[in-house]
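Enquirer: One structure follows; several queries about it will come next.
Nothing in this text is a laboratory measurement; each read-out follows from the coordinates by a stated rule. This one's a predicted model, so the numbers in the text were calculated from it and none came from an experiment. Here the Cβ is made from the backbone with ideal geometry for all residues, glycine too, and neighbour counts use every protein chain on show.
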């Protein structure tokens, strides 16, 4: 369904875009999608804390990573786990695309995730993940082609999102309440943006778009507003069954 020429002022329009974080082609695909849907605001699954922290530490992380790679055999520097780590420390393509679109059209973007996860995990990058010993350990994990792995994850996302079968990653019982709280916060922040700006495109991990029918995911909490759900691709089309 192509975007309407005019946006209804009474019914908010929400387009949820499921991405694979670290997609090496994600920036171009996300920017193209934003150009197509022309949202009035873009929301991104990142916290303001995470964005600020990543920008402050990006150069340090790159220096650490490149120094660690230089100590490894040249033939092993393109290992799948190392490429995934490189994507993990890069500035997220979702924010870069949202900012580029915003600069071009004068549209705002908003970080909508909670900060707790970033506060816990981001400081571990320098002191743990990027240490030479950890890079060597990563070489013992299964290897493969990074872009092929990303394509496979998108295919999995498309299959699960277009299926009517219930799906939600199994988690220890003690994490369920924390997970649901985060999903509810994400949904609430996207909902407020939609009510203010009337058309919002949200860029975030595809698992948040799964509908369980049990108020467990962002998509569940937003269901009354009938959001369209997409998997980031060159088609910009809603998944089968979407209105």
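Enquirer: Can you put 218, 181 in order of Cβ neighbours within 10 angstrom, beginning with the fewest?
Expert: 181, 218
Enquirer: A further question follows. Pick out which of 203, 60, 82 has the largest mean-square fluctuation in a Gaussian network model of the chain, springs linking Cα atoms closer than 10 Å.
Expert: Among 203, 60, 82, the largest mean-square fluctuation in the Gaussian network model of the chain belongs to 60.
Enquirer: Starting with the fewest neighbours, write out 128, 45 ranked by other beta-carbon atoms found within 10 Å of each beta-carbon.
Expert: Listing 128, 45 from fewest to most nearby Cβ atoms yields 128, 45.
Enquirer: Still on this structure: Alpha carbons only, please: Rg and Dmax for the chain, in angstrom.
Expert: My reading of the Cα-based Rg and Dmax gives 18.6, 60 Å.
Enquirer: Gaussian network model of the chain, Cα springs within a sub-10 Å range: biggest mean-square fluctuation belongs to which of 155, 71, 111?
Expert: In this elastic network of the chain, the residue with the biggest mean-square fluctuation among 155, 71, 111 is 71.
Enquirer: Give me 211, 124 ranked fewest to most by other Cβ atoms within 10 Å of their Cβ, as a rough exposure proxy.
Expert: 124, 211
Enquirer: With springs connecting C-alpha atoms under 10 Å apart, model the chain as a Gaussian network and identify which of 90, 148, 118 has the largest mean-square fluctuation.
Expert: 148
Enquirer: To the nearest 10 degrees, how steeply does helix 48-70 sit against the main Cα axis of the chain, on a 0 to 90 scale?
Expert: Once rounded, the angle reads 30 degrees.
Enquirer: Here's something else I'd like to know. From the helices alone, meaning DSSP H stretches of at least four residues, give me the mean residue ellipticity at 222 nm for the chain, per-run term -39500 (n - 2.57), in deg cm²/dmol to the nearest 500.
Expert: -15500 deg cm²/dmol
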